[in-house]
Amino acid sequence: MSERYIGLMSGTSMDAIDAVLVDITADGHLRLNASHSYTLPSELRTRLLTLSISDQWNADELAELDVLFAEHSAVAVNKLLSEAKIPAKSVTAIGSHGQTVRHKPSHSAPYTLQLGDPSRLAFKTQVNVIHDFRRKDVAAGGQGAPLVPAFHQHVFAQPGKSVAIVNLGGIANITWLGPEQQLLGFDTGPANTLMDQWIQHCDANKSYDESGHFARQGKVIDELLEALLKHPFYSRTAPKSTGREEFNLSYLKPLIKANYPPENVQRTLLVLTAETLSNELNKLPTKPEQVYFCGGGTKNELLLTEITQRLETKKYDTTQALGVDPQWVEAMAFAWLGWCYEHKKPGNHPAVTGAAAPVVLGSKTLFY
């Protein structure tokens, strides 16, 4: 007997909402039924990006974006159900990540904030919504991120083997699955976010550097790479998490000199991701027998080449080799977190987030 869940995920790139429909059995086995990627309107994306790096928040803007993001999330869900020819009443719940616009777990009053009004989403889809997954972990003294490593352990662990799962989203994070069920997980720094922001700054018609084409035209600027590597995040020890609050154009632009060719900056940002990620992978407690990649960065061939050239481990693949499309891993994780909430199972892992204890994550909003 299984239950049906929808998982929604929108990351630091803020370009799309990934939606998946999965069946989850009583023992937590997942089967992907359908998927849909819903592109956010450019105006909404621009407003969300502006809000995420601004220190001058307007209450009306925040409230309006909360509603608008929920409205578009509902469109994504309804498109997914329509394409799959599945009635809403057959879905137990939506696990909605929402859109992070600020994440400061190390603040004097630690907090994390995701937009996407769950009442609006529930009403528009006629499906119960489980949401607000990160704040319980922050309340328990954790970083509130990354949350996906617990899911990685659930679906990808290989007893007796040391395996690493690398998510190349806006931010890069590593999950280490040890041979004796050990688990580590943490953010390593930017994966795509700085590259995406820079190419958008150079060409408003591009949202990302497809296959690393722009970066291929450039050369690494050693002076810039050295300056970038001095960011204090890289010297922090895990548990640690980061986001657009730390890695954005306001941080990047002062480091770029007028004589730096734009394509050279792009190549340097790509190598920054490769350097910082591979450094952390090579420092894991035991060398992974295999590294699996997921996330949007798996489509950037040059990025994968630069990373894998630096790895001590020479066996690598995407999570497709484990039966899970790399594009849908995170959305599936939030469907699973919704299932965990319904079954009163902790969704965090203190060794990853630094929380004082395992806790059930999320809150529930009924559609009726």
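Below are the figures for this structure:
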| item | result |
| --- | --- |
| Test for residue 92: is it in contact with a helix residue (DSSP H, G or I) (Cβ under 9 Å, 6 or more places away or on another chain), within 15 Å of residue 5 (Cβ to Cβ) and surrounded by 18 or more Cβ atoms within 10 Å (Cβ to Cβ) | yes |
| Count of residues meeting criterion [farther than 17 Å from residue 147 by Cα and small (Gly, Ala, Ser)] in the stretch 87-131 | 8 |
| Strands (runs of 3 or more DSSP E) wholly inside the stretch 1-56 that include at least 2 residues being more than 12 Å from residue 69 (Cα to Cα), touching a helix residue (DSSP H, G or I) at 6+ places or on another chain (Cβ under 6 Å) and β-branched (Val, Ile, Thr) | 16-25 |
| Pick from the stretch 98-135, criterion open to solvent by 30 Å² or more (accessible area, probe 1.4 Å) and small (Gly, Ala, Ser), ranking: farthest from residue 333 (Cα to Cα) | 108 |
| Boolean, residue 168 is touching a strand residue (DSSP E or B) at 6+ places or on another chain (Cβ under 9 Å), more than 22 Å from residue 29 (Cβ to Cβ) and open to solvent by 50 Å² or more (accessible area, probe 1.4 Å) | no |
| Residue match in the stretch 229-247 (condition: touching a residue at least 40 places away in the same chain (Cβ under 8 Å), among the basic types (Lys, Arg), out of contact with any Gly (no Cβ under 9 Å at 6 or more places or on another chain) and open to solvent by 40 Å² or more (accessible area, probe 1.4 Å)) | no |
| Enumeration of residues in the stretch 26-61 that are aliphatic (A, V, I, L, M) and surrounded by 14 or more Cβ atoms within 10 Å (Cβ to Cβ) | 30, 32, 34, 40, 44, 48, 49, 51, 53 |
| Residues (open to solvent by less than 40 Å² (accessible area, probe 1.4 Å) and either farther than 20 Å from residue 367 by Cα or within 23 Å of the chain's Cα centre (by Cα) (or both)) located in the stretch 73-88 | 73, 74, 76, 77, 80, 84 |
| Of residues in the stretch 255-283 being hydroxyl-bearing (Ser, Thr, Tyr) and part of a helix (DSSP H, G or I), the one surrounded by the most Cβ atoms within 10 Å (Cβ to Cβ) | 268 |
| Of residues in the stretch 263-283 being polar (S, T, N, Q) and closer than 24 Å to residue 178 by Cβ, the one farthest from the chain's Cα centre (by Cα) | 282 |
| Which listed residue is touching a residue at least 12 places away in the same chain (Cβ under 8 Å), surrounded by fewer than 24 Cβ atoms within 10 Å (Cβ to Cβ) and within 30 Å of residue 121 (Cβ to Cβ), from 360, 352 | 360 |
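The values are calculated or read from the model by the stated rules, or taken from the named source; none is laboratory data. It should be emphasised that the depicted structure is a prediction, and the values quoted were computed from it without experimental measurement. Every residue, glycine among them, receives a Cβ derived from its backbone with ideal geometry; neighbour counts consider all protein chains shown. For accessibility, only protein heavy atoms count, side chains too; no ligands or nucleic acids. Shrake-Rupley method; radii C 1.70, N 1.55, O 1.52, S 1.80 Å.
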